[in-house]
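Here the structure comes first, spelled out in structure tokens, and everything after it is commentary.
The values are calculated or read from the model by the stated rules, or taken from the named source; none is laboratory data. What you see is a predicted model, and the numbers here were worked out from it, not measured in a lab. All Cβ positions, even for glycine, are placed from backbone atoms using ideal geometry, and neighbour counts span all protein chains on display. Only protein heavy atoms, including side chains, enter the accessible area calculation; ligands, DNA and RNA are left aside. Shrake-Rupley method; radii C 1.70, N 1.55, O 1.52, S 1.80 Å.
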Amino acid sequence: MALNLAQKLITDHLVDGEPVPGSEIAISIDQTLTQDATGTLVMLVLEALQIPRVKTALSAQYVDHNLLQEDNRNPDDHLFLRSACQRYGIWFSPPGNGVSHPVHMQRFGKPGATMLGADSHSCGAGALGMLAIGAGGLDVAMAMAGDPFHMRMPEIWGVRLTGALPDWVSAKDTILEMLRRHGVEAGMGRIIEYHGPGLDCLSTMDRHVIANMGAELGATTSVFPSDDEVRRFLASEGRADDWKPLEADTDAVYDISDEMDLSALEPLIAKPSSPGNVVPVQDVAGEAIYQSYIGSSANPGYRDFAVPAHMVAGRKISPRVSFDVNPTSRQLLLQLTRDGSLATLIAAGARLHQTGCNGCIGMGQAPATGRASLRTVPRNFPGRSGTREDRVYLCSPETATASALKGTITDPRDLGIDPVDIRQPENPSIDDSLLIGPVSDTAARETDLVKGPNITAMPTFDPLPSSMALRVLLKVGDDISTDEIMPAGARVLPFRSNISRISEFVFGGVDAGYVSRASQCRENGHIVVAGRNYGQGSSREHAAIAPRHLGLRVVIAKSIARIHRENLVNFGILPLVFVNPEDFGRISTGDEIRLTGLDGRALDEDSLTVRLEHNGGDVPIPMKHVLSPRQIRIIRAGGLINHYHMQRTSPA
């Protein structure tokens, strides 16, 4: 039977289940990736599970999000993460070494391997021919403990690329075109597999740009073949032996088929405040801007900085624009320094920032109130930049740089600059001296975890009762992101290892009274009701564990984003979906909803009826769920950690 590449990768790692779309399967995991905004909880979970050493072929922990050291909290956590890596046998990338995704591709990524990352943009490694999936920290911790990863078998969405990108159009415009055509929910329950002759014009890091932002389509992941271009990339990184060829069979078929002619694309831009709000740059050209920002996991490659350097050579940035340059790795920073690109950018007026995620996650570089900020980052959710009333646009490095020169949103084709074809250097400045490898078993056993005063133990949660009568404390609309549920940024993320404190910020930008109301009825529990695509965006499990700490027991929505739904399950929160979306309008904040029979058939079947008390009436509302029997057991146990311990203490 002919297989596409995604099917091959899944079949090679299949542990349980049948790879039929919609059925639950389990796959073995070769590698894991954690970063400091999620890794602290992962390490605390490993401690709670009493795991002596990770069982993956390779696990790596990066410090790239929480780099601001305003007080002791972030540096204390950096020391904790380093000690945990020594204890559990994990590679450690310290502050300043770079953003996790490009560094992992350069140093560790392998064609044909599976990777589970506690970061939604882990899917970027699909550029190497990996099956790289973003997940919540608990799922990643379980993979590190040796358990397989469970998921619903996705449909495979084949996108055949033809043609070649025109001058001043790049990989960012390719993924923005996907978002323009299909929107932010199109990839839910799907793996996107790119194939076809158009791949010839895309470097490995170009492919990373496209695969990275597949998360914004809601996709499980994206995959590219491991071809001669990937071989060249790995050879340039001194890792030629890690390459192997991988591609779909010639007569492979896809569940969904699509085609894109790259030669027909033009510069595109996503307007505030959604990655799916995409229009041609020409449609908004001329609007004044305050900030232009290049660099992030979404545009981390050498060309994403070298092309802007070519564009600004001998020119000056508009005096009213802050031109923020964020190198994505120490290795890249060395390369840009040695070839003169960095000096060219600085001479033109660029502001240089440290290697890391920085403003992408709201860690500095926030724009002024109401002023337009053009960014090469993957997301522009409301307030994610750190400024509550932000106006963030997503665009290519070419558009960002052209606009910085003019002071207004500018199509790079209108600058009159000769285009240049820049690819990854054949012999880049490789430097992995800051990476710290796992220590011996003996040294690991002798390593004590270094815990600062801000690091607290994982909270424990009660099992699911057989019946609940819960008040609706909050009702929100469509496309609520995890940034809106659990804000990030310099004010909040330093509490990532202190669940009680970080819970004080839940829904802070949506409803300032939520935390107070939840605290008053914490023992009884409560419900949140939402529209479509609830929980889109980041994989941060804080958006589940913090509301659960405040008493959230049930989420009812029109639809729930994949990673957030799994995180809800992992912390014992019941995710339900309306059978009839119009029933969303029948529920109001303050209503009481009763659920019964949760220890029996009400959950064992894929549908149940809740009772709504509203205006003195008792209204039945049908619900459904997409939970597997395994997930139902997890919710009944009160979460994944409880379930793990119950499995190991129950008699065989």
Any pair with Cβ under 9 angstrom, 6 or more apart, that starts in region 28-47 at a residue that is closer than 21 Å to VAL450 by Cβ and open to solvent by 10 Å² or more (accessible area, probe 1.4 Å) and ends at one that is in a helix (DSSP H, G or I) and charged (D, E, K, R) = GLU47/ARG87
Going through region 279-297 one residue at a time, which ones are assigned to a strand (DSSP E or B), out of contact with any Pro (no Cβ under 8 Å at 6 or more places or on another chain) and buried (at least 24 other Cβ atoms within 10 Å of the Cβ)?
-> SER292, TYR293
Which one of these does TRP157 not meet: (1) surrounded by fewer than 23 Cβ atoms within 10 Å (Cβ to Cβ); (2) not in a loop (DSSP other than H, G, I, E, B)?
-> (1)
Determine if region 607-614 includes at least one residue that is of a type in the set (S, T, N, Q), outside any loop (DSSP other than H, G, I, E, B) and open to solvent by 60 Å² or more (accessible area, probe 1.4 Å).
-> yes
Residue set GLY386, GLY295; condition under 30 Å from LEU234 (Cα atoms) and not basic (Lys, Arg); output residue GLY295
Look at PHE233 and say whether it is assigned to a helix (DSSP H, G or I), aromatic (Phe, Trp, Tyr) and either under 21 Å from LEU415 (Cβ atoms) or open to solvent by 50 Å² or more (accessible area, probe 1.4 Å) (or both).
-> no
Tell me, please, whether a residue that is surrounded by fewer than 21 Cβ atoms within 10 Å (Cβ to Cβ) and within 20 Å of ASP206 (Cβ to Cβ) can be found in region 366-381.
-> no
Search region 459-477 for residues being in a loop (DSSP other than H, G, I, E, B) and either surrounded by fewer than 17 Cβ atoms within 10 Å (Cβ to Cβ) or free of Cβ contacts under 8 Å to residues at least 24 places away in the same chain (or both), and hand back the single one that is nearest to the chain's Cα centre (by Cα).
-> GLY477
Give the number of residues within region 508-537 that are open to solvent by 10 Å² or more (accessible area, probe 1.4 Å) and touching a His at 6+ places or on another chain (Cβ under 9 Å).
-> 4
Looking only at region 218-230, which residues are surrounded by fewer than 23 Cβ atoms within 10 Å (Cβ to Cβ) and in a helix (DSSP H, G or I)?
-> ASP228, GLU229
Does at least one position in region 571-580 carry a residue that is of a type in the set (Val, Ile, Thr), part of a loop (DSSP other than H, G, I, E, B), open to solvent by less than 10 Å² (accessible area, probe 1.4 Å) and under 24 Å from GLY137 (Cβ atoms)?
-> yes
Just one of GLY597, GLY585, GLY639, GLY616 is on the phi > 0 side of the Ramachandran plot and at pLDDT 90 or above; which is it?
-> GLY639
Select from region 126-154 the residues that are out of contact with any Phe, Trp or Tyr (no Cβ under 9 Å at 6 or more places or on another chain) and assigned to a helix (DSSP H, G or I) and write down the one among them that is surrounded by the most Cβ atoms within 10 Å (Cβ to Cβ).
-> ALA141
Could we say that ASP206 is at pLDDT 95 or above, more than 29 Å from SER28 (Cβ to Cβ), of a type outside the set (Phe, Trp, Tyr) and in contact with a helix residue (DSSP H, G or I) (Cβ under 6 Å, 6 or more places away or on another chain) here?
-> yes
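Among the candidates GLN50, GLN69, which residue alone is out of contact with any helix residue (DSSP H, G or I) (no Cβ under 8 Å at 6 or more places or on another chain), more than 24 Å from TRP243 (Cα to Cα) and open to solvent by 20 Å² or more (accessible area, probe 1.4 Å)?
Answer to the selection: GLN50.
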Flag if LYS451 is farther than 21 Å from MET363 by Cα, open to solvent by 10 Å² or more (accessible area, probe 1.4 Å) and in contact with a strand residue (DSSP E or B) (Cβ under 6 Å, 6 or more places away or on another chain) | no
Between a first residue in region 181-202 that is free of Cβ contacts under 8 Å to residues at least 24 places away in the same chain and a second residue that is open to solvent by less than 10 Å² (accessible area, probe 1.4 Å), which pairs have beta carbons less than 9 Å apart while being 6 or more apart in sequence or on different chains?
-> ARG181/MET260
Scan region 57-87 for residues that are modelled with pLDDT of 95 or more, in a loop (DSSP other than H, G, I, E, B) and either basic (Lys, Arg) or more than 21 Å from the chain's Cα centre (by Cα) (or both) and jot them down.
-> ALA57
